[in-house]
Amino acid sequence: HVRLVESGGGLVQTGGSLRLSCTASGIIFSGNPMGWYRQAPEKQRELVATITPGGSTNYVDSVKGRFTISRDNAKNTVYLQMNSLKPEDTAVYYCNAQQIGLSYWGQGTQVIVSS
C-alpha cells in the first residue's frame, strides 16, 4: 500500500530555515506529481507547493521566493526547503502524492515559527 512519511519539522525562530522531507513507498514515485500542503489551527488545508514528474514547480504566492520544492526520484523523496520563515508559516505540513486519480497523504509534520 501507499505510504508517505514526512520528517524535518520543528521549532524555529522567525527568519530561520527548515527542510522537510517526504519519502514515498508503494507508488511509482518518478511518474507522479508530488506536493506539500499545510494546515494552520482553525484554518483549511492549503496548497503550498507542487512539483511535476518533470520537475516543474508551482507555489502559493505567500511562499514564493522563500520556499523551494524539489524531488529525488532515486530516493523516492520530495523536499521542501523553507527559508526566511515567518510566524504565519506555523502549521502542520503534509506531503501529497497523486496517482491514477487518487490522492495520498502523509501523517504530517509540525512546523512552529516563533516570533
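The values are calculated or read from the model by the stated rules, or taken from the named source; none is laboratory data. The structure displayed is predicted, hence computed values, not measured ones. Glycine gets a Cβ as well: all are built from the backbone with ideal geometry, and neighbour counts include every protein chain shown. With ligands, DNA and RNA removed, areas are computed over all heavy atoms of the protein, side chains included. Shrake-Rupley method; radii C 1.70, N 1.55, O 1.52, S 1.80 Å.
At what distance in nm do the modelled label points of Ser7 and Lys86 sit from each other, each positioned 7 Å from its Cα along Cα→Cβ?
So the label points at Ser7 and Lys86 sit 3.1 nm apart.
Let me check against my output: what whole-number percent is the relative contact order of segment 16-115, with C-alpha pairs under 8 Å and at least 6 apart? Don't skip to the answer; put the middle values down first.
Values: 194 pairs, mean separation 31.4, N = 100.
After rounding, I find 31 percent.
Give the residue list of GluC sites (Glu not before Pro) in segment 18-89 that are DSSP loop and have at most 10 other beta-carbon atoms within 10 angstrom.
On the way: sites: Glu42, Glu46, Glu88; in loops: Glu42.
Of the GluC sites (Glu not before Pro), the ones in loops of segment 18-89 whose Cβ has at most 10 other Cβ atoms within 10 Å are Glu42.
Can you send over the carbon and sulfur percentage of the accessible area for segment 1-42, probe radius 1.4 Å, protein chains only?
C and S atoms contribute 50 percent here.
With a 1.4 Å probe and every protein chain kept in, tell me what percent of the accessible surface of segment 55-110 is carbon plus sulfur. Could the numbers behind the result be given before it?
Details: 1350 of 2780 Å².
C and S fraction of accessible area: 48 percent.
If ligands, DNA and RNA are left out, what is the accessible area of Ile28 with a 1.4 Å probe, given in Å² to the nearest 10?
120 Å²
Give me the distance in nm between label points sitting 7 Å out from Cα along the Cα-to-Cβ direction at Gln110 and Gln39, one decimal.
Distance between the two pseudo-spin positions: 1.5 nm.
For segment 71-87, what does the Karplus curve 6.51 cos²θ - 1.76 cosθ + 1.60, with θ = phi - 60°, yield as ³J(HN,Hα) per residue in whole Hz, taken in order and with x for Gly and Pro?
In residue order, the calculated couplings are 9, 10, 5, 5, 9, 6, 10, 10, 10, 9, 8, 10, 10, 6, 5, 10, x Hz.
With each pseudo-label sitting 7 Å past Cα toward Cβ, what's the Lys64-Ser25 distance in nm, one decimal?
Label-label distance for Lys64 and Ser25, simple model: 3.8 nm.
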